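Here is the structure we will look at, set down as structure tokens.
Derivation of every value follows stated rules applied to the coordinates shown; laboratory data play no part. As the structure is a computational prediction, the values presented were derived from the model and not from experiment. All Cβ positions, glycine included, derive from the backbone under ideal geometry; neighbour counts span all protein chains shown.
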Amino acid sequence: MPRPTASRIRGILFDKDGTLIDFRSQWMPAYRAAVDMLSGGDEALARRLLQLGGYDPVSNHLDPTSPLACGTIRQIVEVWAGGLGVPVTEALYERVQNVFHEIAIANANPVTDLQALFGRLKARGYVIGVATTDSTATARANLETFGVAGLVDFVAGADAGHGVKPAPGMLLAFCAAGGFAPEETAMVGDSLVDMMMGRNANAGLVVGVTSGVTPRARLEPYADIVLDTVAQIEEVLIL
């Protein structure tokens, strides 16, 4: 596949969940713990909350465009509050966020050896960033756990003040921090909102990965190239 802009790439902005981290092993336990808390142990209600968020218990899959697949914590809380018939308060948001933070950190598994991958990319001069719909604190904690915090130059969650995907804010903030143009940036992610953030920011290269919850056929119309895993990212860069 032609990669006419790969030689101009200076910065690589990675999504986190589903791209750098195995999505299901991290987030399904977190989602189940949160709905168990909110439902007071009512299994039927907990199941309904998961379904409202986009989880299909029959197929055991998430709708790739659903809040549970690519939404922010606040968007998930809004859906669940509606299912519970309660208002969205800061107290409710913080309760859910605290559960997510604790469980997601405990169950995070990288999709590849991120220390080795990021180390090679840094050695070749790339600026590395992470942009997620998760919280900035959880993202930083994940990177610390994986031993790559020192290799990542920019971290932004949905609460970082740069807007949320698919708006271009996080990618533009990454470019501003690194001192390069969007056209010199590769956006790498597993969801349609990642692809659209890259397009909306005029990223030079938009790369999809199928390691998350979005099938290849859904990513291909929006990506320049689709990989099985982020471990293959070096194959699309002219190093």
Subject >> Summed residue charge, Cβ within 11 Å of residue 46's Cβ, Lys/Arg positive, Asp/Glu negative >> reply: 0
**OP:** Within segment 7-39, which residues have the backbone N less than 16 Å from the label spot 7 Å out from residue 89 along Cα→beta-carbon, could you tell me?
**Re:** 38-39
**OP:** Before anything else, pin down the relative contact order of the chain: Cα pairs under 8 Å, at least 6 apart, normalised by residue count, whole percent.
**Re:** 27
Subject >> Gain in span if fully extended, residue 112 to residue 42, counting 0.36 nm per residue against the direct Cα distance >> reply: 21.5 nm
Original post:
Which of rounded, prolate, oblate describes segment 24-106, given a ≥ b ≥ c as roots of the alpha-carbon gyration tensor eigenvalues and a/c under 1.5 marking rounded, otherwise prolate only if a/b is larger than b/c?
Top reply: rounded
Subject >> Cβ-derived FRET efficiency at R0 30 Å, residue 199 paired with residue 177, nearest 0.05 >> reply: 0.90
**OP:** Using the Karplus curve 6.51 cos²θ - 1.76 cosθ + 1.60 with θ = phi - 60°, work out ³J(HN,Hα) for each residue of segment 223-231 in order, rounded to whole Hz, and write x for Gly and Pro.
**Re:** 9, 6, 7, 10, 10, 6, 7, 5, 4
Subject >> Peptide ranges 162-175, 182-195, 200-213 listed from the most packed, as the mean C-beta count within 10 angstrom indicates >> reply: 182-195, 200-213, 162-175
Original post:
In the chain, what percentage of the DSSP-assigned beta bridges are antiparallel, given to the nearest 5?
Top reply: 15
